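What follows draws every value from the coordinates through simple rules; no lab data is involved. Keep in mind that this is a model prediction, so the values were computed, not measured. Neighbour counts run over all protein chains shown; Cβ positions are idealised from the backbone, glycine included.
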Amino acid sequence: MQHPILRSMNIILFDELPAGMLLANNDFRAEHIRKVLRLQVGDTFSMGIVNGPGGIATIEAMDSTGITFGWQPREDRSLLTGVTLLVAQVRPICMKRILREAVSLGVAELLVVGADTAERSYADAKLWSTGEYRKYLLDGAMQSGQTGMPSFRLVEHVETALADSDKWKTKILMDNVLAGDPLSLMEDPEAPLVVAVGPERGWTERERTLFLDHGFVPKSMGSRILRTETACSAALAIVLGRMGML
């Protein structure tokens, strides 16, 4: 599997510490250390365990077997925001951006939902079938400089995603059809919170009724129709700003 082209990593993350603290040269993180960061023996970089401690790694050797390093972990751990992004399936190329940016903003949960108007082929994309999506989650976390990664679920229908909606204290439905107050004027949103963003052709009336029946409140970001990936980033930024987290 090819790895996504990663932007400059502000932290190098691992699911678990590599055996012998050796990072093989064919690992995309080793390539980043060598070719992008241009680090040498004795240099340091930020490193951490996914949803665990961060810390500082020091390069001890670089040779044909890989990069050997030591690591000094910190006691503190990254905290996520208590915000869930519920987003409808869109084209995989757009989905990759949504995953990366949502994680970089610190969401605690990602729900990717099959919507009535979404192309059925999207759910069968190799982004999901091969597990490639996790590389974009990892990229978002490394870009943020934090170790926290959200839980992730791919669900078939809106009703499935809303089965346990009582866990959210604040439920926001982004929609251009329902007349909602501006999201930017929302006062003191309370976590845990969910923001639902629809597909390219919008939510159907059936789906809107489901959201309303589960206590979601329609909100707007003006009269302009935004791409799904733009709407996700904008809505999350506004909500996090109103929560004092951004």
### Task
Could you pull out which residues in region 122-165 have an amide N less than 19 Å from a spot 7 Å beyond the Cα of ARG201, following the Cα-Cβ vector?
122-125, 156-159
### Query
Residues with amide H under 5 Å of MET186's amide H, sequence separation 5 or more or different chain, H placed in the peptide plane at 1.01 Å from N; which?
none
### Query
Taking other Cβ within 10 Å of each residue's Cβ, how do ASP43, ASP166, ASP27, ASP139 sort, fewest first?
ASP166, ASP43, ASP27, ASP139
### Query
Relative to the present Cα-Cα distance, how much length would full extension add between ALA19 and ARG134 at 0.36 nm per residue of separation?
39.2 nm
### Summary
Ranked on Cβ counts within 10 Å of their own Cβ, fewest leading, TRP128, TRP168 go TRP128, TRP168
### Spatial separation of Cα centroids for region 66-100 and region 117-170, in angstrom
11
### Within the chain, helix-based [θ] at 222 nm, where runs of 4 or more DSSP H residues each add -39,500 (n - 2.57), nearest 500
-7000 deg cm²/dmol
### Query
So in the chain, what percent of DSSP beta bridges are antiparallel if you round to the nearest 5?
35
#### Entry: Where a label projected 7 Å from the Cα of LEU178 along Cα→Cβ would reach, residues of region 70-96 with amide N under 19 Å
84-89
### Query
Hey, what did the chain get for relative contact order, percent, Cα under 8 Å, at least 6 apart?
20
### Query
Ranking CYS232, CYS94 by Cβ neighbours within 10 Å, fewest first, what do you get?
CYS94, CYS232
## Note on the structure
Full extension between GLU187 and SER64 adds, at 0.36 nm per residue less the Cα distance, a length in nm of 38.6 nm
### Query
Under a point-charge model restricted to the Cβ atoms of Lys and Arg (+1) and Asp and Glu (-1), what is the dipole moment magnitude of the chain relative to its Cα centre, in debye to the nearest 20?
620
### Subset of LYS96/LYS169; LYS169/LYS219; LYS96/LYS219; LYS35/LYS126 violating a 19 Å alpha-carbon distance limit
LYS96/LYS169; LYS96/LYS219; LYS35/LYS126
### Task
Subtracting the Cα-Cα distance from 0.36 nm times the residue separation, let me have the gained length for SER121 to THR44 in nm, one decimal.
23.3 nm
### Summary
Ranking LEU105, ILE67, LEU185 by how far each Cα lies towards the positive end of the charge dipole of the chain (+1 on Lys and Arg Cβ, -1 on Asp and Glu Cβ), the top one is ILE67
